[in-house]
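Participant: Right, I'll just put the structure down here and ask away after.
Just so it is clear, none of the values below were taken in a lab; they were calculated from the coordinates. These numbers come from a predicted model, not from an experiment. Ideal geometry is used to build each Cβ from the backbone, glycine not excepted, and the neighbour counts take in all protein chains shown.
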Amino acid sequence: MVKSSICIAALLQLGAGARIARRKRGGALIQGSLPICDDSLVSKACVAFTEGEDDRSVTVRDLADSLVVTEASMVDFLSELGLDEQGVSCKDLCLRTAASLPQERLPPASNLGCRMEGSEKVCDSDLSPEGLAAVARTANPHRFHPANASDDGGERPVARSIEAKWPRVPVKQQHTASVTHVQQEIAHWFGIWLVKEQGHGPSAQAVNCGPTEPTGCTGNGGASNQDEIDELALAYVVETEQKVRSGCTNLLEKWFGESSNDLKETVLGGLQFLADTIQNPFYVNWEDYAGYYGWVYPGETVDGKLVIHFGKTYFDSGMADRVGTITHEAAHHPPLRRRDREHRRRNGPKQYCDVPGCLELARTEPDEAQLNDDNWSFFIDDLVGGGMAAGSPAECSGGGGGGTPPRRRSSPSPPRRRSTTTPGCQTQTESGRECANWNSEAAEQQGYTPSDYPGEYPGGSLGDHSCCRNPDGHTGLWCLTGSLGNDWWEDC
């Protein structure tokens, strides 16, 4: 329910004051932060909500599109705040949102990450654009080569190479959201980050390695400061969402090879998916597993939470590369389903993108760049921090999409190994399970349907049958099991 007018009056009084100092570790002070609902922050959020059209007011549709929720969900939230759904002052929206939050968890200033240490509120995480940029600029431009190679068929206990393809379902559809969900999302867009009640870090409970690799991990919960890392990663994504909506066609071109409205909507939907995933993950620690920042098995969940596995390199890396690992790995999960793309650069061997390789991929193979999670992760780093590649533009410019016409999406890339003969029709897996039809719901959900893979592929064509096939260059024939869970495929 709406807090009393006393709360709003207190916020207005706070906003009229001077910049607020923030306490750094050890008691030293770092640069001041703007008060909650400062006019400059309100204007910035309003411009992003309206895609550059207005810096003072928003509509229900603006807000619903920004957060990828239904207009009905947004109407419910505005009604809870006592605001008119026909047109909303951005300043009123910020003040009333702040007043509706638990006051004991309200930070003393905007763009400030705080946590409780015993009875003390410690605020030492700078989530302002300048603070985020300072972290992002420390990122390793070779982060994903060679240490990180998700889905690459490497030496992990369970590995399967999967070719990227365009998902058959929207990356993120407008969905019904609770008032609390909308409240927190709106707060983040205005730079209001609730005080973290208690850090979780590595879990003290029984170790759960996830359903795909049930043994061998060292724990759960990520790093000891994982709450801080997650908050920073979420702030990265929110900052990127706002910049893309405000107008950033030049950097869409830089990292994805085009800036069409279709691509912009895909990117915004993907960013919202990343934000949702970062707020509710299940982390598995493999601190003795050298050579990897992290990996995922697309669609793997524990208690409804998408699973991200962290290798030894993650725990040995700095803050920026931990954030980058999270955005990179989360992008593997459906429905976003980006993939690590092999790319040949400077006549050398094929490799996973580093920054130069990803930029070249965007210039020469835009479709591949748009499917590549390295490009997505570095795009976020670049928008937040700027300067991921020396001599290339880092500041956003250009209006909200439409800068170039959409490119025709290419057919699936030729697999790495083509068979010279078409097999018969084996319809059972190695374990004896009956294969599902390639026209089934299971095939549709995983993106393996005849329309996704027209023509001949290793192991023959897909079609209205249940025969074992190899459409994606796997090491051998396989088929769908019909399951919509983690065991959706098996070797034949």
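Participant: At what distance in angstrom do the alpha carbon centres of the range 98-127 and the range 238-304 lie from each other?
Facilitator: 26
Participant: Compare the peptides 233-240, 424-431 by average per-residue count of other Cβ atoms within 10 angstrom and give them in order, highest first.
Facilitator: Result, highest mean first: 233-240, 424-431.
Participant: In whole Hz, what ³J(HN,Hα) sequence does the range 106-113 give by Karplus (6.51, -1.76, 1.60; θ = phi - 60°), x for Gly and Pro?
Facilitator: In residue order, the calculated couplings are 7, x, x, 7, 7, 6, 10, x Hz.
Participant: Once you have a ≥ b ≥ c as the square roots of the Cα gyration tensor eigenvalues for the range 216-373, tell me rounded if a/c is under 1.5, and otherwise prolate or oblate according to whether a/b is larger than b/c.
Facilitator: Verdict is oblate for the range 216-373.
Participant: How do the peptides 318-325, 357-364 rank, highest first, by the average count of neighbouring beta carbon atoms within 10 Å per residue?
Facilitator: 318-325, 357-364
Participant: Taking H placed 1.01 Å from N in the peptide plane, check which residues at least 5 places from LEU306 or on another chain put their amide H under 5 Å from its amide H.
Facilitator: Here PHE282 satisfy the definition.
Participant: Just order 266-273, 38-45, 114-121 by mean Cβ neighbour count inside 10 Å, highest at the front, would you?
Facilitator: Listed from highest to lowest mean packing, they are 266-273, 38-45, 114-121.
Participant: Work through the residues other than GLN426 whose Cβ is under 15 Å from its Cβ and net out their charges, Lys, Arg +1 and Asp, Glu -1.
Facilitator: That works out to -2.
Participant: What residues qualify as long-range amide H neighbours of THR70, i.e. H under 5 Å apart, gap of 5 or more or another chain, H built at 1.01 Å from N?
Facilitator: HIS175, THR176, ALA177
Participant: What ranking do ARG469, ARG137, ARG337 get, fewest neighbouring Cβ atoms within 10 angstrom at the top?
Facilitator: Fewest to most other Cβ atoms nearby, the residues stand as ARG137, ARG337, ARG469.
Participant: Within 10 Å of each residue's Cβ, count the other Cβ atoms and sort ILE229, ILE186, ILE36 from fewest upward.
Facilitator: Placing the least packed residue first, the sequence is ILE229, ILE186, ILE36.
Participant: By counting other Cβ atoms within 10 Å of each Cβ, how are LEU101, LEU263 ranked from fewest to most?
Facilitator: LEU101, LEU263
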